[in-house]
Amino acid sequence: MTVTEIRALFPILDTPVYGKPLVYLDNAATAQRPQAVVDCWKELVEGANANIHRAVHHLAAQATDAYEGARNRVQTFLNAAAREEIVFTSGATASINLVAFSYGQVFVNQGDEIIVSTCEHHSNMVPWQMLCERKGAKLRVLEPNRDGLLDPAALSALLNEHTKMVAIAHISNVLGLVNPVKELVRIAHKAGVPVLVDGSQGVVHEKVDVQDLDCDFYAFSGHKIYAATGTGVLYGKRKWLEAMIPYMGGGEMIETVRFSGTTYAPLPMKFEAGTQNFNAVPTLVPALDFADAVRENPAVKAEQQAILDKVYSKLTEDKRITLYGTGKENKIPLFSFAVKGAHHEDLALILDKMGVAVRSGQMCAEPLMDHLGVTGLLRASFAPYNTVEEANYFLKSLDKAIEMLV
Amino acid sequence: MSLEEKKQQVIEDFSLYEEWLDKYEYLIELGKGLEAFPEEKKTDDRLIKGCQSRVWLDAQLRDGRLYFQADSDAIITRGIISLLIGVYSGETPEAIAADDFGFVSEIGLKDNLSPTRANGLVSMIDTIKKLAENGR
């Protein structure tokens, strides 16, 4: 498939904004959905809407098959050892909160330490902070190197006998650098500490093999990887999931319920309390099929590399611009930057009117903004359906916007 | 100029520009021309909550009329607040409190800002109104 053919799978990309062609560069916030995902969603709502697992009737069986089929697809997508290690949630935030609570209740006590990095999205920071407050534990911060990359040696220096968890992003949603996760996991494991990887951005760009990474938890959201909103995944090693207590009670997560006490369902149901998002979860199947296909597609690879080369050169060579997250060998086509003398909000407003959708502000990473000494940044994040032509239009529009403002 | 005349003037000025980019240029010019805001007045209690950029607003009552001063670290926002205080500065608190701020919708400003920015505009208007209520 050519990039043009891939674009044709996304009708929304042809929707003009303010009479101009849409150039959608806010993919790190949410990706657009290919028609196959939209169709899958629609078919489930129209043709197979019934609550999963319990009822014996035909529609319920269809809905359950679709839902559990998605679990198998996620298992192969991540190369998890068992389907029981895949828990469905509402998104990466819910996945991380689940671990922070259910792991934290069992394994974290007063005086213990949790390590997070400066570069985390609030969703991989605040749940741990809340856990620390609850338990009287301490949050330790792993700072990135000058490029913005997490450094195994720096992690090594932070680990000690009190450390109970390392929570890090596979790829920061601001810096767009692929962290050396496998090495970071190895270092943490050497100290006997489990690692949670926030894969919200990572899973979109990298081929993830959780057994190869050897991480203990891997979390991601469906909507950033072309699936329906309100879908999310938590991968967890069986030994941890078995040892953790349930996050929420009720619905499908029980085995027997008596007033004298309740026993819990086996994995993964133990962590799937209440009615699940059964109309949306199966959209992960066409979404992950698409993600796998484009990742290996030579035309997409070439186009993405050309976008990276083009935009990286411009943003690093232009004296008015400061790019955060440097070092091209680890960079994905996600660029956060500041423009001297121009506020990120003004730039985003003007670009919007030129048809270019970018993100401005703190991008749910206030501590990172403080670390970088900025009040906010402008972010352009590209997806496999974006073209070099769009990258050029974005750079031209950015130039024009800067000229208007400075 | 009366309050109504000032509003009419803004509506006329805005109607000169068809393209939104040109309207932004106009707001940028207004922003650049805004009277300097004393650094020492950039305090948290003068910050308007609900804006993506930082906006400070200060009001002083002289001879029964309110005079506004404002600033923002974003230039288009500065233009917008400049436009607002240009209309309402020098009016009585009673007149401001009773006003419906309808001219903002008439120039299409609210509809053409994204929801977070539209909220920012609403916050600016609310703050001006609140200052007027307090000044009565």
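The values are calculated or read from the model by the stated rules, or taken from the named source; none is laboratory data. These numbers were taken from a predicted model, which means no experiment stands behind them. Please note: Cβ atoms are built from the backbone with ideal geometry, for glycine as well, and neighbour counts cover all protein chains shown.
Key figures
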quantity: Residues satisfying the stated conditions in region A:68-85, i.e. surrounded by fewer than 23 Cβ atoms within 10 Å (Cβ to Cβ) and touching a Pro at 6+ places or on another chain (Cβ under 7 Å); calculated: A:69, A:84
quantity: Qualifying residue in region B:27-36 (condition: away from chain A (no Cβ under 14 Å) and β-branched (Val, Ile, Thr)); calculated: no
quantity: Residue pairs meeting the criteria (Cβ under 9 Å; at least 6 apart or on separate chains; first in a helix (DSSP H, G or I), in region A:105-130; second basic (Lys, Arg)); calculated: A:105/A:134; A:105/A:135; A:107/A:164
quantity: Qualifying residue in region A:317-333 (condition: farther than 20 Å from residue A:33 by Cβ, within 14 Å of chain B (Cβ to nearest Cβ), part of a strand (DSSP E or B) and touching a strand residue (DSSP E or B) at 6+ places or on another chain (Cβ under 7 Å)); calculated: no
quantity: Criterion violated by residue A:179 - all others in (1) closer than 21 Å to residue A:366 by Cα; (2) within 13 Å of the chain's Cα centre (by Cα) satisfied; calculated: (2)
quantity: Residue ID - nearest to residue A:18 (Cα to Cα), chosen from residues in region A:339-351 that are more than 7 Å from every other protein chain (Cβ to nearest Cβ) and buried (at least 21 other Cβ atoms within 10 Å of the Cβ); calculated: A:351
quantity: Residues located in region A:151-185, provided they are surrounded by fewer than 20 Cβ atoms within 10 Å (Cβ to Cβ) and of a type in the set (S, T, N, Q); calculated: A:156, A:160
quantity: Qualifying positions in region B:45-77 - away from chain A (no Cβ under 14 Å) and basic (Lys, Arg); calculated: B:46, B:49, B:62, B:65
quantity: Filter result (in contact with a Lys or Arg (Cβ under 7 Å, 6 or more places away or on another chain) and either more than 14 Å from chain B (Cβ to nearest Cβ) or farther than 24 Å from residue A:177 by Cα (or both)) within region A:379-391; calculated: A:385, A:388, A:391
quantity: Residue among B:57, B:61, B:66 that alone is in contact with a helix residue (DSSP H, G or I) (Cβ under 6 Å, 6 or more places away or on another chain), surrounded by fewer than 16 Cβ atoms within 10 Å (Cβ to Cβ) and closer than 24 Å to residue B:133 by Cα; calculated: B:61
quantity: Residue A:341 over 26 Å from the mean Cα position of the chain (by Cα), of a type outside the set (A, V, I, L, M) and farther than 30 Å from residue A:293 by Cα; calculated: yes
quantity: So residue A:310, is it within 14 Å of chain B (Cβ to nearest Cβ), at pLDDT 95 or above and surrounded by fewer than 18 Cβ atoms within 10 Å (Cβ to Cβ); calculated: no
quantity: Scan of region A:186-209 for residues that are surrounded by 24 or more Cβ atoms within 10 Å (Cβ to Cβ), within 27 Å of residue A:26 (Cα to Cα) and more than 12 Å from the chain's Cα centre (by Cα), ordered by number; calculated: A:196
quantity: Residue within region B:12-35 that is small (Gly, Ala, Ser), under 27 Å from residue A:401 (Cβ atoms) and surrounded by fewer than 16 Cβ atoms within 10 Å (Cβ to Cβ) present; calculated: yes
quantity: Matching residues in region A:131-148 - criterion: being among the basic types (Lys, Arg) and either part of a helix (DSSP H, G or I) or closer than 17 Å to residue A:177 by Cα (or both); calculated: A:134, A:135, A:146
quantity: Of all residues making up region A:360-378, the number that are more than 8 Å from every other protein chain (Cβ to nearest Cβ) and over 16 Å from residue A:321 (Cβ atoms); calculated: 10
